[in-house]
Amino acid sequence: MIEPEPAPARRTALPIVLLMGPTAAGKTDAALALANRFPVEIVSVDSAMVYRGFDIGTAKPSPEEQARIPHHLIDIREPEETYSAGQFVRDAAAAIGSIRERGRVPVLVGGTMLYFHALLNGLAELPEGDAELRAELDERGAREGWDALHAELAAVDTEAARRIHPNDPQRIQRALEVYRLTGTPISRLQSLRAPAIDAAEALCIALSPASRASLHARIERRFHNMMAAGFLEEVRRLHQRAGAARELPALRAVGYRQIREHLQGKCELEAATHRAIAATRQLAKRQLTWLRALATARWLDSDAAHDVAGAVAALLLVGQSKNS
């Protein structure tokens with residue numbers, strides 16, 4: 001993270017900008033251009049950019065861009081580490097608070113919709129996993145059958161049992177684990193969550209080409225550009241770093257996973273490339289589905305708008321007048 005020059009301790013009246021959209025929509029470029037108009041600091045909302053070494057495949061802002069504009073939540077974890085939505089919410093809330101105290105505008109940029117959802121709707125305060133208890137539940141599930149444990153869950157948490165399928169051992173295990181650790185049904189704890197961002201202070205921008213064909217073309221073009229920039233070698237380095245464990249959390253990310261399958265000898269590079277592009281298109285479809293359900297989103301067509309940053313700036317000033 002680049003520390004900005006000290007500024008007077010004063011909270012800005014400008015809204016918090018949530019610049020969301022599918023992959024390859026042009027979010028990063030719009031955010032960087034917005035910095036030419038307002039004193040902004042960028043908070044990355046990307047579950048892979050938090051990892052060091054995941055650069056080309058995440059379209060991570062360059063060192064020069066990060067030096068020009070303060071960025072937060074980039075390169076804060078080693079590839080072997082995990083990073084949860086709960087950790088993101090805590091880190092993002094702290095960054096937003098400090099940015100606003102400096103009189104600057106937090107611009108949250110990315111496509112990890114789970115993270116945006118967590119900020120806007122909150123996350124339940126659930127206990128950390130207990131390895132011994134999980135092993136016990138796994139053993140019982142194997143011996144008694146997960147339908148029996150689902151029935152046990154229904155006796156203590158009817159709502160959770162109603163939502164969780166009897167053939168979903170992972171969620172059954174977690175629900176029973178939480179109940180055993182806290183004495184409180186997981187459904188009850190999940191209902192107590194509070195948002196980390198006040199919706200009245202947030203300007204939600206959904207940036208995307210209106211044309212699906214245009215978005216698909218952008219995705220394909222960007223992936224080929226990434227390959228030309230050395231993406232294969234980036235994945236190779238991370239694959240070798242995984243070593244005997246064969247697992248790095250972020251290597252499950254779209255694009256990385258498919259190219260790694262090629263390195264594991266599961267397919268030719270051409271096939272891996274096609275799969276990666278197809279998987280990225282599916283990711284974009286899921287991102288758009290989530291955005292369309294967000295009633296507060298203000299949509300901008302990243303193809304039609306000749307000045308996306310200008311359009312965002314205009315909406316930002318309208319938000320400022322409401323908050324003043």
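Within segment 25-46, if we keep just the residues that are crowded, with 24+ Cβ neighbours inside 10 Å and small (G, A, S), the residue that is nearest to A85 (Cα to Cα) turns out to be S44. With respect to the conditions (1) closer than 30 Å to E128 by Cα; (2) in contact with a Cys (Cβ under 8 Å, 6 or more places away or on another chain), A242 lacks only one, and its number is (2).
Got at least one residue in segment 252-259 being surrounded by fewer than 16 Cβ atoms within 10 Å (Cβ to Cβ) and either part of a strand (DSSP E or B) or under 21 Å from the mean Cα position of the chain (by Cα) (or both)? Checked against the condition, which is being surrounded by fewer than 16 Cβ atoms within 10 Å (Cβ to Cβ) and either part of a strand (DSSP E or B) or under 21 Å from the mean Cα position of the chain (by Cα) (or both), segment 252-259 yields at least one hit.
A residue that is among the β-branched types (V, I, T), under 18 Å from S191 (Cβ atoms) and either assigned to a helix (DSSP H, G or I) or not assigned by TED's automatic domain parsing to the domain that holds A206 (or both) occurs nowhere in segment 96-109. Counting only residues that are out of contact with any helix residue (DSSP H, G or I) (no Cβ under 7 Å at 6 or more places or on another chain) and β-branched (V, I, T), which one in segment 50-73 is farthest from L32 (Cα to Cα)? Ranking the qualifying residues of segment 50-73, first place goes to V50. Contact map, segment 94-110: residues that are surrounded by fewer than 20 Cβ atoms within 10 Å (Cβ to Cβ) paired with residues that are assigned to a helix (DSSP H, G or I) and modelled with pLDDT under 95, Cβ distance under 8 Å, separation 6+ or inter-chain. No pairs are found. Of the residues making up segment 30-73, those that are under 19 Å from G255 (Cα atoms) and of a type in the set (V, I, T) are V45, V50, I56, T58. Just one of (1) within 20 Å of L203 (Cα to Cα); (2) touching a helix residue (DSSP H, G or I) at 6+ places or on another chain (Cβ under 9 Å) fails for A151. It is (1). Every condition in (1) closer than 30 Å to A118 by Cα; (2) buried (at least 16 other Cβ atoms within 10 Å of the Cβ); (3) modelled with pLDDT under 95 holds for H239 except the one numbered (1). Inspection of segment 49-68 identifies at least one residue that is modelled with pLDDT of 95 or more and among the basic types (K, R). Taken together, E80, E136 contain a single residue that is part of a helix (DSSP H, G or I), surrounded by 14 or more Cβ atoms within 10 Å (Cβ to Cβ) and among the charged types (D, E, K, R), which is E136. Checking each residue in segment 29-54 for being within 14 Å of the chain's Cα centre (by Cα) and either among the acidic types (D, E) or not in a loop (DSSP other than H, G, I, E, B) (or both) picks out V43, S44, V45, D46, Y51. Against the definition (in a helix (DSSP H, G or I), modelled with pLDDT of 90 or more and under 24 Å from V312 (Cα atoms)), how does I74 come out, yes or no? The answer is no for I74. Filtering R252, R246, R221 for residues that are modelled with pLDDT of 90 or more and assigned by TED's automatic domain parsing to the domain that holds E78 leaves a single hit, R221. Being of a type in the set (A, V, I, L, M, F, W, C), assigned by TED's automatic domain parsing to the domain that holds M20 and part of a helix (DSSP H, G or I) is a description that does not apply to A148.
The values are calculated or read from the model by the stated rules, or taken from the named source; none is laboratory data. No experiment lies behind these values; they were computed from the predicted model shown. So basically every Cβ, Gly included, is an ideal-geometry build from the backbone, and we count neighbours across all protein chains shown.
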